[in-house]
1. How large is the Rg to Rh ratio of the stretch 226-297 when both quantities use alpha carbon positions and Rh follows Kirkwood?
2. Once fully extended, how much extra length lies between residue 13 and residue 289, figured as 0.36 nm per residue of separation less the alpha-carbon to alpha-carbon distance?
3. Please order 46, 382 by the number of other Cβ within 10 Å, starting at the fewest.
4. Sort 292-299, 240-247 by packing, meaning the average of other beta carbons within 10 Å per residue, with the highest value first.
5. When we measure straight from the Cα of residue 295, which lysines land under 16 angstrom away, once same-chain ones fewer than 8 places off are left out?
6. Which aspartates and glutamates, on any chain, are close to residue 77 with Cα under 13 Å apart, when same-chain ones fewer than 8 places away are left out?
7. Dipole size in debye (nearest 20) for the stretch 9-73 around its Cα centre, Lys and Arg Cβ +1, Asp and Glu Cβ -1?
8. Write down the Å³ per residue value for the convex hull defined by the alpha carbon atoms of the chain.
Amino acid sequence: MGFSSRLEGYTGRVREVLESAGVDVGDEIEITIGEHEKIKGVLMSRYELADPEYIVVKLPNGYNIGVRFRENIQVRKLLEEVKKPAFRPPEKARPIPGLPRVTIVGTGGTIASRIDYRTGAVRPVLTAEDLLSIIPELASIANLDASILFSIFSEDMTPNEWSMMATRVDEYIRRGVDGVVIAHGTDTMGYSAAALSFALQKPPIPIVFVGAQRSSDRPSSDSATNLIAAVKVAGYAPFAEVCVAMHDNHSDEVIAIHRGTRVRKNHTSSRDAFKSINTEPIAFYKNGEIYVNRKDLNNRGSNQYIFNPKFSDKAVLLKFFPGMSHEILEDIWMKGYRGIIIEGSGLGHVARRLIPTLEKILKDGVFIGMTSQCMYGRVNMRVYSTGRDLLKIGVTPLDDMLPETAYVKLSWVLAQTTEIEEIKNLMLTPLAGEIGERSIP
Ligand code: GLU
């Protein structure tokens with residue numbers, strides 16, 4: 001006999017106790033253990049691999065715990081009214097004259113997710129209206145419009161999704177909105193922000209990526225504060241940059257606004273995971289105000305806008321590691337990739353033994369660019385003989401460009417031209433703030 005979806009995954013004695021209490025996955029329950037211990041939460045489904053002797057409960061703080069079955073355990077269903085927090089879409093707000101028009105484009109990730117109380121999974125199913133219902137104050141900041149482009153985790157993005165995002169944003173620019181916010185998973189948000197920086201150069205309005213490290217059902221969620229800052233920047237910032245709005249530190253007060261080509265996720269879970277690398281954030285948001293932090297910004301209303309949403313899937317980002325064999329490089333070459341960004345060691349090196357293979361690949365007209373796997377600083381391939389030899393065979397040093405940004409840029413450049421000299425030239429020309437001013441040595 002197979003399981004019905006009721007009490008999914010529960011078997012044996014645990015299932016009997018739950019069944020006789022008349023509870024189901026998604027119900028708010030109270031577990032009493034012995035005389036005194038009580039645990040309240042939402043009953044979650046139990047995955048096949050988990051220990052069958054445990055009841056899985058989501059606590060009000062958002063964490064799941066396993067309650068081990070004991071003979072003295074009692075389960076009771078709590079009142080209907082308190083179960084399954086409902087997300088009620090608000091009525092469509094009437095536009096408030098004088099407020100800027102901001103569009104939120106949902107693409108997935110935690111910020112555009114909600115907990116599925118039936119299965120316990122965090123699912124990318126949040127509709128745009130849900131975003132508004134969770135954070136009603138957004139309605140007093142801007143006249144909002146929202147749409148879902150797709151609902152995927154950001155690790156599933158490809159250059160094709162970058163292209164789709166850029167095309168959607170361009171449509172909104174043409175419709176005359178004052179700013180666009182893109183709700184995005186945080187894992188690859190830096191890549192997408194870089195991609196849109198190249199696809200939508202010198203745009204007339206701000207394009208603000210926003211994500212959340214903690215889902216909105218958790219008290220420590222950063223969804224609301226990040227989203228409020230993103231909408232504010234999209235609607236009011238004097239600059240029109242592709243940027244990322246995320247917590248600057250552990251408090252809820254300051255949100256940093258990073259340039260799309262210079263930002264990296266540096267922590268798996270902390271709310272202040274995003275940092276500008278080799279540069280300062282372009283602005284900060286605090287207590288409802290935007291504090292601009294740089295002068296070299298593209299102004300709102302720019303008439304130099306260039307839209308080019310094509311990306312090639314023939315670019316590779318490759319991290320050098322000790323012991324790396326030349327076969328990896330040859331495989332990439334044989335598969336027809338037209339450009340490789342190497343994340344080299346230190347100032348921009350790879351093992352000497354790889355140089356003959358790299359030379360062969362370069363002679364075939366494949367672009368090879370060098371970045372550093374160091375977190376900070378710029379490549380300098382003139383210091384050591386390995387670097388000088390790499391330069392001699394035609395490897396292009398990419399200054400202080402982030403490896404991820406260099407890869408995204410190469411993917412964009414390869415879709416513009418097949419001429420190797422032009423590829424090199426474009427890679428070295430700053431197009432969207434991706435290369436920093438050379439610091440005084
Ligand atoms: N890994 C998923 C993503 O990047 C979810 C995590 C998040 O949104 O931060 O889309």
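1. Numbers: Rg = 11.2 Å, Rh = 12.0 Å.
On the Cα set of the stretch 226-297, Rg over Rh gives 0.93.
2. Between residue 13 and residue 289, full extension yields 93.6 nm more.
3. Values: 46 23, 382 11.
Fewest-to-most Cβ neighbours within 10 Å comes out as 382, 46.
4. The peptides rank, most packed first, as 240-247, 292-299.
5. Cross-link targets: 202.
6. 19, 24, 27, 28, 30
7. Details: 8 positive and 12 negative charges, 33 e Å.
Result for the stretch 9-73 is approximately 160 debye, rounded to the nearest 20.
8. Details: hull volume 81.7 nm³, N = 441.
Cα convex hull per residue, to the nearest whole number: 185 Å³.
Every number in this text was worked out from the coordinates using simple rules, so none of it is lab data. Here the structure is a predicted model, which is why all the values come from computation and not from measurement. Note that we place each Cβ from the backbone using ideal geometry, even for glycine, and neighbour counts take in every protein chain shown.
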